[in-house]
Amino acid sequence: MSSYEPQTHEPNWQKIWDAENCFAAGAADDGREKYYVLEMFPYPSGRIHMGHVRNYTMGDVIARFRMAQGYNVLHPMGWDAFGMPAENAAMEKNVHPRDWTYQNIDTMRDQLKSMGLAIDWSREFATCDPTYYKHEQAMFLDFLEAGLVERRESIVNWDPVDQTVLANEQVIDGRGWRSGAPVEQKNLTQWFLKISDYSEELLNDLEGLTRWPENVRLMQKNWIGRSEGMELRFDLKGAPEGFEHLDIYTTRPDTLYGASFCAISPDHPLARKLAETNEEMAAFLTECAQRGTSEADIEAAEKKGVFTNIQASHPLDDSWMLPVYVANFVLMEYGTGAVYACPAHDQRDLDFARKYDLPVIPVVLPEGAAAEDYEIENDAFIGDGKMINSDFMNGLTPAAAFQAVAEKLETLGRGKRKTNYRLRDWGVSRQRYWGCPIPIVHCGSCGVVPVAKSDLPVTLPEDVSFDKPGNPLDRDIDWKTTTCPSCGGDAQRETDTFDTFIDSSWYYARFTELCENSATDAKSVAYWLPVDQYIGGIEHAILHLLYSRFYARAMEKTGHLHLKEPFAGLFTQGMVIHETFSTPDKIFVTPDEVTQTEDGQHVLKSDMSVAINVGPVEKMSKSKKNVVDPTNIIAKYGADTARWFMLSDSPPERDVHWTDAGVEGAYRFIQRLWRLVDSHADQLSTLANLADKHEQAVHPQSEADKALYKTVHQALAATTDDLNRLAFNKAVARIYELSNALSSAATNDGISKPVLFQGLSYLIIMAGPMIPHLAETCWQRLGHQQILAKTKWPVADDAVLMDDVITLPVQVNGKKRAEIEAPADAGEDDIKTLALADERVIKAIADKDIRKFIFVPGKIINFVV
RNA sequence: GCCCUCGUGGCGGAAUUGGUAGACGCGACGGAUUCAAAAUCCGUUGCCUUCACGGGCGUGCCAGUUCGAGUCUGGCCGAGGGCACCA
């Protein structure tokens, strides 16, 4: 018996699928029900990694499964090809970002093809293709016309040495990653998409996304952050001219009598004004600027502030003056960039108050506490209770107090109720070369002028250098200089390019048809969208998915789409993780460089005397070097082994731990499955006339036949159900069970050939979406004429799915004491009689009285004694 | 810091609606085959206790709800994802 050689069979089947055009999506009017399965497209970083293998294997299983079920399946692939790494490569390796990107795409396309994915490659594109971004530019102009775009000032991280804008990840401990210079903040006029106009709609429509994970919807809900509060006006004393009032936003006006101080953001206009004349303030603002713009850094920093020498009068009592601080924990982007603080009932306020010795007045009394001796120590109280120290609100609940104080403040004209959202508008300007040019011209006399649609695309200049700091587009005078589309005079091009999240906010629509003259084709998007199953990493739960939801709405408003929610079903997969290995001098090494001695010690392959430290299991990343290259795995074991391992064991939404033992196990199963089919194929070849008729009813006669038939059909029903629910790991377990059952049954003389033949055929069909190359080989070996990729998914025989006799556990006081066999349809009384006849039950109950009898049909019996 | 998720044998995990905890796989151990090894096949395998029958314990920790909790509630500990210019 020969062993199965993936290296021969896999490329062969890939050629056949290609030649037979198996995976091309059908026309939009071919009459079949459509199914659009999409995996988040990759950034062409150089080579595919195991995360890609996992993601694309899952999508492929769904695509193949739906194809077999008769759907018209769209399963495309493309490249999220603009972005920073290409510019970094240009700087480090002196290659053009375009060349680097397209070379990477070529490499990665070959790698993906070697996985045997059922992809319609005719729809492939890269977001850096002018034929793609041309439409992106045109749509932006439509958005501009529709009032979805704004231009305004916004802060960026600025590296004063490299003279360049830094991404948050390029700011390390407040310094530029290359120059090491302390980061400054800089105000730039930038383009924004008005996603905040859709806050309410994006929030409300989450409810309709029933096939999205609950946690993703919750994360988006919290991100949008709707809150009901009040905007209050405080009169200021001692403030510079033009700053007579301070507007603050609060969700807790009920705690206003617990006010202790006011705080404004370091980016607040008042803070900036003060810094002009106050050195201490200027120094503090500089210090705050060095944290960069990342919210995580700001929030995690120690609460600090500087007193402004300004006092604010309390809106409910003009004689009560509150000191105004500039504080590093107040965000300019949220509310009005200013807050009043009630330390007793807000932890951040409390930390700040303790540091600067400010009053802490409790105004909400928890239930059970006494007003006289209630004091706040190190934990603010944020729970419910009764109002105290609060004049007219005393005795009310905080909710009732909110209403009372809101009414009073509105009557006094000191404030108004306001619904606020945390969600901010989407800044889409990037001061970088490798992105989609923003199709705008700046004219001295006409101002900001859109490029004429007939002049699109605005393409990137070819001849650029990355040896100088800053944005190459800004330095390229030839490219920059143009004429004004409006007046024909001298003008300059916009030198910012788009955030790459724009590119990925509509690619799903573009896949439905690569039409030339418009972004989308109405008929094609109407047929294919929404995406039925979208699959990608949980790390995209908020930004990419929220931007895409907004973008679909913007496209709908401008006539490019007919729907608002682009992804009907979403699945977020876990990461691929691996141990980290390092040498005694703490240098990371790849798993390839490590081997194990006989006694299990990890050592360096090249020098076995060097002991290797095995570190924590983490997400595979280049920096930790804990990566396994899929190409090596596919070369050694074949794509089917890699795919099978990715689907086995770990639930798809959780992390999967890559282990050599696991891969070996997967490979052994591939071989075992081949042996099972190969060793019985000859004796079944007399059934050649049955070859493509495995769907026809078989008639099990003997007990062994009936048992196997039942096992096969139960496995088919369960696997179909598992695949419908994306429970790949469970489907894998079913296939193991069925192959074990078939392997035992095959040696049993009582099994008739048609039953065994159908069992083996079904087993191969079930395994087909997961390990397609081996499955095709087995399918052919069994004598089937048509290839598996074109074979229909069978339907299980309902008649044998239910068992006649079931085993019921019997509990006494909630502890399992026995099991009884009973007819599946037995009633409560019969079951009780049966159970009480069991000696283990009799023993457990002994002479105690039965107080209660619980019977859950098909599940359990419980005697309470 | 804030939001979200996860925690079950030696390991990955199963248990679909609150109803038999540990399916399936890996590893380990024992056996068959082999001159030998690899591969393959058969069997055992949560922990403690018992000669055995059996009994007890057990889903990160502490409480609670329930006839019954891996599953629900509250608190705690640990790990991970996101935090708006990484993609």
Checking the cross-link filter: which lysines have an alpha carbon closer than 20 Å to that of A:K619, excluding same-chain neighbours under 8 positions apart? A:K586
Evaluate the Kirkwood expression for the hydrodynamic radius of chain A, namely the inverse of the mean inverse distance over all pairs of different C-alpha atoms, and round to one decimal in Å. 32.3
Apply the Karplus parameterisation 6.51 cos²θ - 1.76 cosθ + 1.60, with θ equal to phi minus 60°, to every residue of segment A:856-865 and state each ³J(HN,Hα) to the nearest whole Hz, in sequence, with x for glycine and proline. 10, x, x, 10, 7, 10, 9, 9, 9, 10
Find the relative contact order for chain A and round it to a whole percent, using C-alpha pairs within less than 8 Å whose residues are 6+ positions apart. 13
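Arranged from highest to lowest average of other beta-carbon atoms within 10 Å per residue, in what order do the peptides A:606-615, A:104-113 appear?
Sorting A:606-615, A:104-113 by mean packing, highest first, produces A:104-113, A:606-615.
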Find the relative contact order for segment A:805-864 and round it to a whole percent, using C-alpha pairs within less than 8 Å whose residues are 6+ positions apart. 41
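Does segment A:100-173 come out rounded, prolate or oblate by the C-alpha gyration tensor, with a ≥ b ≥ c the root eigenvalues, rounded set by a/c under 1.5 and, if not, prolate when a/b is larger than b/c and oblate if not?
Oblate shape, in that a/c is at least 1.5 and b/c is the bigger or equal ratio.
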Lys/Arg +1, Asp/Glu -1 at C-beta; chain A dipole; positive extreme among A:T590, A:V451, A:T833: A:T833
Spatial separation of Cα centroids for segment A:14-44 and segment A:304-377, in angstrom: 60
Ranking request for peptides A:283-292, A:799-808, A:209-218: highest mean number of other beta-carbon atoms within 10 Å first, then the rest in descending order. A:283-292, A:209-218, A:799-808
What lysines does A:K386 reach when the alpha-carbon gap must be under 30 Å and sequence neighbours fewer than 8 apart in one chain are set aside? A:K221, A:K303, A:K355, A:K408, A:K416, A:K418
Volume per residue, Å³, of the convex hull around the alpha-carbon atoms of segment A:226-421? 119
Square roots of five times the C-alpha gyration tensor eigenvalues of segment A:468-512, ordered largest first and given in whole Å, equal 28, 18, 7
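Output the Kirkwood hydrodynamic radius of segment A:112-243, Cα pairs only, in Å rounded to one decimal.
That comes to 20.6 Å for segment A:112-243.
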With +1 at each Lys and Arg Cβ and -1 at each Asp and Glu Cβ, the charge dipole magnitude of chain A around its Cα centre, to the nearest 20 debye, comes out at 1060
Could you derive backbone 3J(HN,Hα) for segment A:313-326 from the dihedral phi with the Karplus parameters 6.51, -1.76 and 1.60 (θ = phi - 60°), listing whole Hz in sequence and x where the residue is Gly or Pro? 8, 5, x, 9, 7, 4, 7, 8, 9, 10, x, 9, 10, 9
What share of Cα pairs, in percent, lie more than 19 angstrom apart in segment A:576-649? 43
Given a cut-off of under 8 Å on Cα pairs at least six residues apart, what relative contact order in percent is computed for segment A:210-306? 16
Which of rounded, prolate or oblate describes segment A:300-396 when judged by the alpha-carbon gyration tensor and an a/c cut-off of 1.5? prolate
Local electrostatic count at A:S196 - Lys and Arg +1, Asp and Glu -1, tallied over other residues with Cβ under 13 Å: 0
Given A:K480/A:K564; A:K730/A:K832; A:K523/A:K730; A:K134/A:K557; A:K636/A:K792; A:K753/A:K859, which pairs have Cα atoms separated by over 28 Å? A:K480/A:K564; A:K730/A:K832; A:K523/A:K730; A:K636/A:K792; A:K753/A:K859
Fewest to most Cβ atoms within 10 Å: A:I633, A:I155, A:I842 sort as A:I842, A:I155, A:I633
When A:S504, A:S179 are ordered from fewest to most other Cβ atoms inside 10 Å of their Cβ, what list results? A:S179, A:S504
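None of the figures in this text is laboratory data; all of them are computed from the coordinates on show. Note that the structure is a prediction, hence the values are computed from the model and not measured. Neighbour counts are summed over all protein chains in view; Cβ atoms, including those assigned to glycine, are modelled from backbone coordinates with ideal geometry.
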